[in-house]
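One structure is given below, encoded as structure tokens.
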Amino acid sequence: MQLQQLRYFLAVVETRHFTQAADVLGVSQPTLSKQIHTLETTLGAPLFERARGAVALTAAGETLLPLARRMIADADTARDAVQEIVGLRRGRVRVGATPSLCSSLVPAVLHRFRAEHPDIALHVNEGSSQDLIVDLLARDLDLALIVQPEQGVDAALHAAPVLRESLVVASVASGPPPTVFRELALTDLRDTPLVMFRPGYDLRDVTLEACRRAGFIPRFAVEGGEMDAVLAFVEAGLGVALVPSMVLANRPLLRATPLAPPGMRRTVALAHRRRAVLPHAAEALRATLLDHIATGELPIGVQPL
């Protein structure tokens, strides 16, 4: 039994005439009659009584009628629902990003996406790169902006580098600069109190490893915060912090001092499950993000890849 046969059946019911039903459907009368006959053969009973050019439903036809109407309605609803998702008239995207990206790049991208696709629901998960990778593998996220680890990501994921940003020394703008020079050597921070991120935070590990390679253990002024807290502590004059240049774009109370060559940089990648087909809404958000990076105004120290 095919949906097309049920549509033919309903057209005959509505017109009570095979020829008129064929005209409504835009098919020939023999084609319509053949499909009805095939349906009757499949069901094992005649559906219409034909007499004097008009037709009436048999008992089998009366039984089929409400079922056929419901089946066609369900099929039309399913088609419309899928077309709405494909056409981006509804749907959802589950995207993750690190706190530094949530406070810098992500808002501008989501604003642009919302303007283009106002009916798509957005679900944002803010977390460390390690946590976001776990969420991707668990299928709790469609996309995630992560800091690409040196050892790479899980083989089940695809991570495409999208930008590279420099780390800078953030200090309170109203206080004395951390150096009289334009750039700051990492070793100059040997005796400078640092505001340090909580354990498990990507930038904490990066900072501690860079200091270790430079031959010193940093002195902490305060530790344990995430990005917003760390920046607020620096604004309060508690110390300086190594942060991505992007997060200082809208922080007028903070000063950014570049690190002397070779400096410190990190690569941001857009990750998703390798074997998963992205939902249409997630694919649209991915395109918006890449276009924003390619054509938008990025802060100093941020380079598209």
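Give, in nm to one decimal, the length gained when the segment between residue 27 and residue 58 is fully stretched (0.36 nm per residue of separation minus the Cα-Cα distance).
8.8 nm
So what is the calculated 222 nm ellipticity per residue for the chain, using -39500 (n - 2.57) for each DSSP H run with n of 4 or more, over all residues, to the nearest 500 deg cm²/dmol?
Per the formula, -13000 deg cm²/dmol.
If you build a Gaussian network model of the chain, linking Cα atoms that sit under 10 Å apart, which residue out of 287, 232, 78 swings the most?
Judging by the Gaussian network model, the answer is 78.
Percent relative contact order of the range 1-78, based on C-alpha pairs within less than 8 angstrom and at least six residues apart?
30
Any chance you could run the full-extension gain for residue 291 through residue 70? It's 0.36 nm times the residue separation minus the Cα-Cα distance, nm to one decimal.
Stretched fully, the residue 291-residue 70 segment lengthens by 75.1 nm.
If you rank 23, 76, 140 by how much accessible surface each has, with a 1.4 Å probe, what is the order from largest down?
23, 140, 76
With every protein chain kept in the model, how would you rank 134, 12 by accessible area, 1.4 Å probe, largest at the top?
Solvent-accessible surface, decreasing: 134, 12.
If you split all Cα-Cα distances of the chain into 20 Å bins from zero, what percentages do you get per bin, shortest first?
All Cα pairs, binned at 20 Å, distribute as 27, 34, 18, 15, 6, 0 percent.
Nearest 20 debye, what's the magnitude of the dipole of the range 165-265 about its Cα centre given +1 on Lys and Arg Cβ and -1 on Asp and Glu Cβ?
So the magnitude is around 200 debye.
To the nearest 20 debye, what charge dipole does the range 1-147 have about its Cα centre, counting +1 at the Cβ of each Lys and Arg and -1 at the Cβ of each Asp and Glu?
Approximately 420 debye in magnitude.
So how strong a dipole does the chain carry about its Cα centre when Lys and Arg Cβ are +1 and Asp and Glu Cβ are -1, to the nearest 20 debye?
Rounded to the nearest 20 debye, it is 400 debye.
Once Lys and Arg get +1 and Asp and Glu get -1 on their Cβ, which of 300, 163, 63 lies farthest toward the positive end of the dipole of the chain?
Towards the positive end, the residue furthest out is 63.
How high is the relative contact order of the range 165-265? Use alpha-carbon pairs under 8 Å, at least six apart in sequence, and give a whole percent.
51
Return the distance in nm (one decimal) between the two label points of a simple spin-label model at residue 156 and residue 214, each offset 7 Å from Cα along Cα→Cβ.
So the two model labels end up 3.9 nm from each other.
If contacts are Cα pairs under 8 angstrom and at least 6 residues apart, what is the relative contact order of the chain in percent?
21
Comparing 213, 274, 190, which has the greatest mean-square fluctuation in the GNM of the chain with Cα pairs linked when under 10 Å apart?
Among 213, 274, 190, the largest GNM mean-square fluctuation belongs to 213.
Once Lys and Arg get +1 and Asp and Glu get -1 on their Cβ, which of 149, 244, 36 lies farthest toward the positive end of the dipole of the chain?
So the residue furthest toward the plus end is 36.
Can you tell which of 4, 27, 75 lies farthest toward the positive end of the dipole of the chain, using +1 and -1 charges on the Cβ of basic and acidic side chains (Lys, Arg; Asp, Glu)?
My answer, from the dipole projection, is 27.
Compare 142, 154 by solvent-accessible area with a 1.4 Å probe and give them largest first, with all protein chains kept in place. If you can, show how the numbers build up before the last one.
Details: 142 15, 154 75 Å².
Accessible-area ranking of 142, 154, largest first: 154, 142.
Would you kindly find the accessible area of residue 102, with a 1.4 Å probe and non-protein molecules such as ligands, DNA and RNA excluded, rounding to the nearest 10 Å²?
Counting only protein heavy atoms, residue 102 exposes about 30 Å² to solvent.
Check which residues have an amide H placed less than 5 Å from residue 173's amide H, if you skip close sequence neighbours.
HN-HN under 5 Å from residue 173: 254, 255.
How big is the gap, in Å, between the Cα center of the range 157-230 and the Cα center of the range 114-143?
Cα centroid of the range 157-230 versus Cα centroid of the range 114-143: 27 Å apart.
Could you work out the local net charge near residue 98, counting Lys and Arg as +1, Asp and Glu as -1, over the other residues with Cβ closer than 12 Å to its Cβ?
Neighbourhood net charge equals -4.
Only residues of the range 180-206 count here: report those whose backbone N is under 17 Å from the spot 7 Å along Cα→Cβ of residue 260, or say none.
Counting backbone N atoms under 17 Å from the label point, the list is 180-192.
Based on the Cβ-Cβ distance of residue 7 and residue 90, what FRET efficiency does E = 1/(1 + (r/R0)^6) give at R0 = 30 Å, to the nearest 0.05?
Computed FRET efficiency for residue 7 and residue 90: 0.70.
Around residue 230, with a cut-off of 12 angstrom between Cβ atoms, what is the net charge of the other residues, counting Lys and Arg +1 and Asp and Glu -1?
-1
The values are calculated or read from the model by the stated rules, or taken from the named source; none is laboratory data. Bear in mind that the values here come from a model prediction, so they are computed numbers and not experimental data. A quick note on method: Cβ atoms are made from the backbone with ideal geometry, for glycine too, and the neighbour counts reach across all protein chains shown. Just so you know, the surface numbers come from the protein's heavy atoms only, side chains and all, with ligands and any DNA or RNA stripped out. Shrake-Rupley method; radii C 1.70, N 1.55, O 1.52, S 1.80 Å.
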